[in-house]
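Worksheet for the structure shown next.
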Amino acid sequence: MSGARPAWRAAALTALTWVLVLLTTFPLLWMLLTSLKPQTELFALPPTFLPESISFAPYLRLLFDTPFPRYFANSIVLATATTLLVVAIGAIGAHSLLRFSYRGREALATLVLATYLLPSVVLIVPLYLMMVEIGLANRLASLIIAYTSFALPYALWLLRSFMAAIPEEMEAAARVDGASRIGAFVDIILPQALPGIGATALFTFILAWNDYLYALVLVNTDTARPLTTGVVTMFVTTFNVEWSMLMAASVLMSIPPIILFTFFHHQLSRSIGAAGVRS
Amino acid sequence: MAEVVFDSVCKQYDDVVAVDALDLTIAPGEMVTMLGPSGCGKSTVLRMLAGLVMPDSGRILIDGNDVGGLTPGERDIAMVFQTYALYPHMTVAQNIAYPLRKRGVARAERMRRVRALAESLQIAPLLDRRPAQLSGGQQQRVALGRAMVRDPSVFLFDEPLSNLDAKLRAHMRGELIELHRRLGRTMIYVTHDQLEAMTMATRIAVMADGALQQYGTPADIYDRPANRFVAGFVGTPAMALIDGALLFQDNRAILGIGGLTVDLGIRRFRDRPVGTWQVTVGIRPEDVTIGNGPFAARISAIEPIGHETILTLEAGTARLCARVAGSSLAAVGETVRFALRQHRLHFFDVVSGRRIDEIGLAVVDGKAM
């Protein structure tokens with residue numbers, strides 16, 4: 001890049017950026033505002049932007065009179081367990097697909113991606129029948145397994161491309177220095193693959209946190225229901241949608257992903273950058 | 001100090017034979033360079049010795065012990081890599097201490113040894129930095145430190161100087177020679193740079209196409225190359241290799257190369273052969289004397305280097321180089337007279353490429369032997 005951009009271009013870019021930011025944040029803002037409005041104000045004509053009176057009633061009801069806290073806990077357990085599992089298997093698997101030489105290694109790496117060729121809708125019924133067969137239907141474990149199998153291919157490829165950037169000589173050096181293969185992996189490879197691991201973890205967590213379809217089919221009891229299906233079951237019926245409750249639930253649901261993004265956005269943008277440079 | 005033995009070691013990658021039945025015994029305390037063009041298998045040899053690559057067959061012994069079943073960490077070796085392979089997320093001190101940590105040396109002792117070593121390598125002020133904050137030469141020293149810290153019996157170097165600039169490389173060559181002298185450890189050094197091989201080694205193993213071509217002292221390699229490959233690979237400018245014929249008549253040997261006829265006169269041959277032998281003749285640039293002599297040649301190129309000048313000569317169909325001290329007043333296209341130092345000529349079998357005084361047809365000449 002040479003020289004400074006002309007001032008009008010900078011201004012135009014800034015304006016465009018703000019338009020995009022507003023477009024994406026407006027629904028979120030509207031969600032927050034709606035959740036604070038009393039029921040009477042929701043359908044007022046003309047609509048009000050800021051609530052005329054702020055009401056925390058939906059939040060209080062949500063937290064104390066509904067199974068929302070249980071669903072929330074289920075989702076946290078679900079997303080965390082899936083993330084840990086995917087990162088652990090993904091990191092070891094990516095290392096194997098990259099550094100160990102065995103027959104059919106590349107074929108295996110490609111085959112892993114084949115999972116992505118099938119839409120979830122096709123997989124979901126056989127998966128449900130399998131879960132029933134092994135007695136895991138209606139349990140959190142069934143969702144953990146489903147999400148893991150779905151997130152793993154992407155995780156493997158993302159981590160593989162991250163680990164490919166770590167020179168092979170470094171691992172060789174660690175082994176000559178006295179580390180076992182696992183030792184070299186833990187001491188040398190993992191710390192350097194941290195940005196990739198962060199990105200993978202974030203991707204997996206969001207995938208498990210946001211999924212609706214698998215949760216709907218595989219789990220049909222309150223004890224194991226995650227937030228996505230739980231909230232809809234509670235507030236959306238054929239005859240009525242409880243908007244302020246729905247919006248309050250949505251606001252609370254957004255908090256964990258927002259916290260994670262705040263911590264990991266640096267890693268995520270690095271990984272997107274890295275993937276872009278490499279492909 | 002440790003003896004290193006390769007006993008018919010083979011390694012194949014898919015269809016490519018990387019190392020073909022290597023037999024090599026390296027005496028304790030030697031500084032051996034493995035010299036060869038890229039892809040000749042020299043790095044594979046080093047990696048097999050390190051335990052990073054498993055040989056397909058054959059045995060590797062360190063100090064008489066078969067190390068086949070040992071992990072790299074158990075072999076009492078240290079290795080310096082071309083890229084230095086420093087761990088970027090650790091400080092210099094942590095890098096150097098890593099081998100000790102992996103061997104369970106207590107923290108205080110680790111720190112003491114790292115500090116002492118850093119003093120001797122003059123990198124003490126860098127101990128808290130990360131590798132990315134160091135220059136190439138400093139990284140090189142840290143890599144050396146990490147290799148030296150646990151006092152291994154064998155040091156392995158995989159082209160450790162090729163990422164440095166020319167001046168620093170010359171300096172580090174000197175330091176490595178000094179290091180070898182001081183530690184007296186067996187060191188094996190892989191390089192494709194013959195200057196490094198010649199200056200640093202006590203012995204050189206020349207490799208090509210996965211096979212050991214010659215193992216000997218630098219003087220051996222230079223003065224008595226075992227075959228045409230070694231003759232052509234070692235020496236700058238390269239030895240001229242010219243196909244010709246040796247005619248034996250009345251106990252005299254007449255050499256015909258590219259239209260020149262050289263009467264080797266007093267040369268006697270052990271087998272007293274008769275008839276004509278097809279040979280390749282090797283002539284080093286310093287064995288061509290310009291000025292007067294029985295032959296005439298046209299100068300086709302002049303390369304002044306400063307302290308000497310390399311002349312490329314064309315005599316008949318033969319092309320050879322001559323080394324002249326200082327700068328030359330000759331001009332391209334000029335015809336000069338020259339002579340050959342006959343006792344310094346090298347003969348190779350045309351078919352096998354092997355040096356002729358090592359097979360049946362032995363040249364018996366006091367000076368050449």
The helix B:107-120 Cα axis meets the longest alpha-carbon principal axis of chain B at an angle in degrees, between 0 and 90 and rounded to 10, of 40 degrees
What value does the range B:1-132 have for Rg/Rh, both radii from Cα atoms and Rh as Kirkwood defines it?
-> 1.03
Can you list the equivalent-ellipsoid semi-axes of the protein assembly as shown, largest first and in whole Å, using the square root of 5 times each Cα gyration tensor eigenvalue?
-> 73, 28, 25
Throw me the Rg/Rh for the range B:1-57, computed over C-alpha atoms with Kirkwood Rh, two decimals.
-> 0.96
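What share of Cα pairs, in percent, lie more than 27 angstrom apart in the range B:161-315?
On the way: 5033 of 11935 pairs.
So the pairs more than 27 Å apart make up 42 percent of the total in the range B:161-315.
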Of B:ALA226, B:ALA297, B:ALA78, which has the largest mean-square fluctuation in a 10 Å C-alpha GNM of chain B?
-> B:ALA297
For the range B:66-113 and the range A:58-129, what is the separation of their C-alpha centers, rounded to whole Å?
-> 37 Å
Calculate the spin-label point distance for A:ALA15 paired with A:TYR212, positioning each point 7 Å from the Cα along the beta-carbon direction, and give it in nanometres.
-> 3.6 nm
Taking every alpha carbon pair in chain B and sorting the distances into 10 angstrom bins from 0 up to the bin holding the longest one, the percent per bin comes out as 5, 21, 25, 21, 15, 9, 4, 1, 0
Residue among B:GLN122, A:ALA174, B:GLY232 farthest towards the positive dipole end of the protein assembly as shown, charges placed on Cβ | B:GLN122
Lys, Arg +1 and Asp, Glu -1 on Cβ, resulting dipole of the protein assembly as shown about Cα centre, debye, nearest 20 = 980 debye
Cβ crowding within 10 Å averaged over residues, with A:51-57, B:34-40, B:22-28 ranked highest first = B:34-40, B:22-28, A:51-57
Spin-label point model (7 Å from Cα, Cβ direction): what's the A:THR233 to B:THR236 distance in nm?
-> 7.8 nm
Have a look at A:PHE239, A:PHE264, A:PHE49 and tell me which one the Gaussian network model of chain A (Cα, springs below 10 Å) gives the largest fluctuation.
-> A:PHE239
Which loop-located trypsin sites (Lys or Arg not before Pro) does the range B:122-157 contain, where loop means any DSSP state but H, G, I, E or B and the Cβ has at most 15 other Cβ atoms within 10 Å?
-> B:ARG129
Mind jotting down the three principal axis lengths of the range A:1-55 based on Cα atoms? Whole angstrom, largest first.
-> 58, 18, 14
Principal axis dimensions, largest first and in whole angstrom, of the range A:160-279 by Cα = 69, 29, 24
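Could you work out the equivalent-ellipsoid semi-axes for the range B:142-225, taking the square root of 5 times each eigenvalue of the Cα gyration tensor, largest first, in whole Å?
Semi-axes (√(5λ), whole Å): 22, 15, 13.
Which whole-number percent is the relative contact order of chain B (Cα, under 8 Å, 6+ apart)? Don't skip to the answer; put the middle values down first.
Details: 770 pairs, mean separation 55.0, N = 369.
Taking the mean separation of contacting Cα pairs over the length of chain B, I get 15 percent.
P(r) tail for the range B:240-364, what percent of Cα pairs lie past 21 Å?
Roughly 40 percent, rounded to a whole number.
Report, to one decimal in Å, the Kirkwood hydrodynamic radius for chain A based on all distinct Cα pairs.
Details: mean 1/r = 0.0455 Å⁻¹.
Kirkwood radius, chain A: 22.0 Å.
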Please work out the Cα center distance from the range B:275-314 to the range B:1-53, rounded to the nearest Å.
-> 36 Å
With the Cα gyration tensor of the range A:1-134 in hand, convert its eigenvalues to equivalent ellipsoid semi-axes via √(5λ) and list them largest first in whole Å.
-> 43, 33, 15
Separation in nanometres of the label points that stand 7 Å from Cα toward Cβ, at B:ASN65 and A:THR24 = 5.9 nm
Note down the relative contact order for the range A:60-209 as a percent, whole number, built from C-alpha pairs under 8 angstrom at least six residues apart.
-> 42 percent
Shielding by partners, peptide B:85-91 (average Cβ within 10 angstrom, other chains) | 5
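Suppose a student asked you for the relative contact order of chain A, using Cα pairs under 8 Å spaced at least 6 residues apart; what percent would you report? Provide the component values of the computation, followed by the final result.
Working: 252 pairs, mean separation 84.0, N = 279.
Relative contact order here is 30 percent.
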Helix B:92-102 sits at what angle to the longest principal axis of chain B, using alpha carbons and giving 0 to 90 degrees rounded to 10?
-> 80 degrees
What's the percent breakdown of Cα-Cα distances in the range A:141-226 across 5 Å bins, shortest bin first?
-> 3, 13, 19, 16, 13, 11, 9, 8, 5, 3, 1
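Where a number appears in this text, it was derived from the coordinates with a stated rule and is not lab data. Here the structure is a predicted model, which is why all the values come from computation and not from measurement. Cβ: placed from backbone, ideal geometry, glycine included. Neighbour counts: every protein chain shown.
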